[in-house]
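The values are calculated or read from the model by the stated rules, or taken from the named source; none is laboratory data. Given the structure is predicted, the values throughout are model-derived calculations rather than measurements. Here the Cβ is made from the backbone with ideal geometry for all residues, glycine too, and neighbour counts use every protein chain on show. For the accessible areas, the whole protein counts, side chains as well, though only heavy atoms, and no ligand, DNA or RNA atoms are used. Shrake-Rupley method; radii C 1.70, N 1.55, O 1.52, S 1.80 Å.
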Amino acid sequence: MTTFVDRVELHVAAGSGGHGCASVHREKFKPLGGPDGGNGGRGGDVILVVDQSVTTLLDYHHSPHRKATNGKPGEGGNRSGKDGQDLVLTVPDGTVVLDKRGNVLADMVGQGTTYIAAEGGRGGLGNAALASARRKAPGFALLGEPGRAGDVVLELKTVADVALVGYPSAGKSSLISVLSAAKPKIADYPFTTLVPNLGVVTAGSTVYTIADVPGLIPGASQGRGLGLEFLRHVERCSVLVHVLDTATLESDRDPVSDLDAIEAELREYGGLDDRPRLVVLNKVDIPDGQDLADLIRPDLEQRGYRVIDVSAVARNGLKELSFALAEIVAEARAAKPVEEATRIVIRPKAVDDARFTVTAEAEGLYRVRGEKPERWVRQTDFNNDEAVGYLADRLARLGVEEELMKAGARAGDGVAIGPEDDAVVFDWEPTMLTGAEMLGRRGEDHRFDAPRPAAQRRRDRDAERDEAQREFEGFEPF
């Protein structure tokens, strides 16, 4: 059974906003009580939070679909709906959030780091909030905005000070088991370690973490073996330790060639050239292993490596190794810039959602794109004439009508608001009226009762084109 998962695809959906309420206050002896519909509640967000007690993404592997709660609709008596509850998902320290194309959305390092993966929809306004001097008793309310939904990819990059790298069965798991309290699986066959193991080592006054990365082989950076899947766990480590097997039974391998092969894979993966290295010659308790270690040590030291002989079985050289690593880790920590306490600065979010574009896409079709027009469309109840008229008034005040005229639109042309896969299309009828003067009873707008000659002309033009096409198809050449 899988107990460690370091990459998942998560399907998140925020809560939708609650609909506004269209209500009129009714009370004895108060026939003109006025509108009292409350606003809808806001939908809940989906929030990712770093929790250092979490070490795997296993929960999201089994349950990848997560959804926050919706906001409650408004009610009469000026009662607003309850906001939806945010869905908080805990992730391990070092989780990277990506989109489906591989673009980094957030790099979550540090306890309590948060990222909003999906934002909840706004609640719709009730008719009490929509009342104005011109529209004193609106017979409609705005709908709640749907919550954002989408897919994100979570990748875990282990946060450790030291990474043990080397060929399979080089003794990395045995080494981390004697240096720390970690209890990884140990066996005499390759690829025993299938997941990274973490351990905590104390050397004097220095405490650091050490990671046992699954064995690498030539071609790991291109996907061979398990290397490509776990090389990312080396990225955050400050020190790389090459664990070389001095007692290998394979005739075509030796510690120096193993070192060169692993270094080639690290260079191919990229971004690790600046990490300090240390070489561990393991299994020197075997006579042939000690002889081979003595033979290759001068060559490795000539290359600039610090070399330490150890035996995880006999527990030789462990103290020297732990203090050597503590020294390198302390130097790496001192070289990092001093992290100052995070200052909490509250900056109001810039709201510039009034921008929009008008594009002529085809003969008689124009597309309007912009955050504000598209949100207004999503919140409009198209079963209510007055609500549609209110939308037309808002678009006219925003300047959409003027831009359509500049783009060459004429009465009866089609106007699409929104993306191609989710747009609202209507026939454009320009007007210089604000719309409030044309309202009758609540829920009605007389503009929808007026004749539409431009739309009829377009239908006649389409019928003529279809008739000509049929005549052409029935024509027989000589």
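Remark: pairs (first residue in segment 131-154, among the basic types (Lys, Arg) and surrounded by 14 or more Cβ atoms within 10 Å (Cβ to Cβ); second residue at pLDDT 90 or above and outside any strand (DSSP E or B); Cβ separation under 6 Å; 6+ apart in sequence or on different chains) = Arg148/Ala14; Arg148/Glu119. Restricting the first member to segment 395-410 and to residues that are in a helix (DSSP H, G or I), and the second to residues that are surrounded by 14 or more Cβ atoms within 10 Å (Cβ to Cβ) and small (Gly, Ala, Ser), the beta-carbon pairs closer than 8 Å and six or more apart or on different chains are Ala396/Gly435.
Conditions tested, residue by residue: (1) among the hydroxyl-bearing types (Ser, Thr, Tyr); (2) out of contact with any Asp or Glu (no Cβ under 8 Å at 6 or more places or on another chain); (3) modelled with pLDDT of 85 or more.
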{"site": "Ser238", "(1), (2), (3)": "yes, no, no"}
{"site": "Val241", "(1), (2), (3)": "no, yes, yes"}
{"site": "Pro255", "(1), (2), (3)": "no, no, no"}
{"site": "Glu263", "(1), (2), (3)": "no, yes, no"}
{"site": "Gly271", "(1), (2), (3)": "no, no, no"}
{"site": "Asn282", "(1), (2), (3)": "no, no, no"}
{"site": "Asp288", "(1), (2), (3)": "no, yes, no"}
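Under the condition of being over 22 Å from Pro146 (Cβ atoms) and either at pLDDT 90 or above or open to solvent by less than 20 Å² (accessible area, probe 1.4 Å) (or both), the residues counted in segment 79-96 number 7. If the condition is being in contact (Cβ under 8 Å) with a residue 24 or more places away in the chain, open to solvent by 10 Å² or more (accessible area, probe 1.4 Å) and not in a loop (DSSP other than H, G, I, E, B), then segment 274-292 contributes Arg277, Asp288, Gln290, Leu292. Would it be correct to say that Leu125 is assigned to a loop (DSSP other than H, G, I, E, B), closer than 19 Å to Cys21 by Cβ, of a type in the set (A, V, I, L, M, F, W, C) and in contact with an Asp or Glu (Cβ under 6 Å, 6 or more places away or on another chain)? No, not satisfied.
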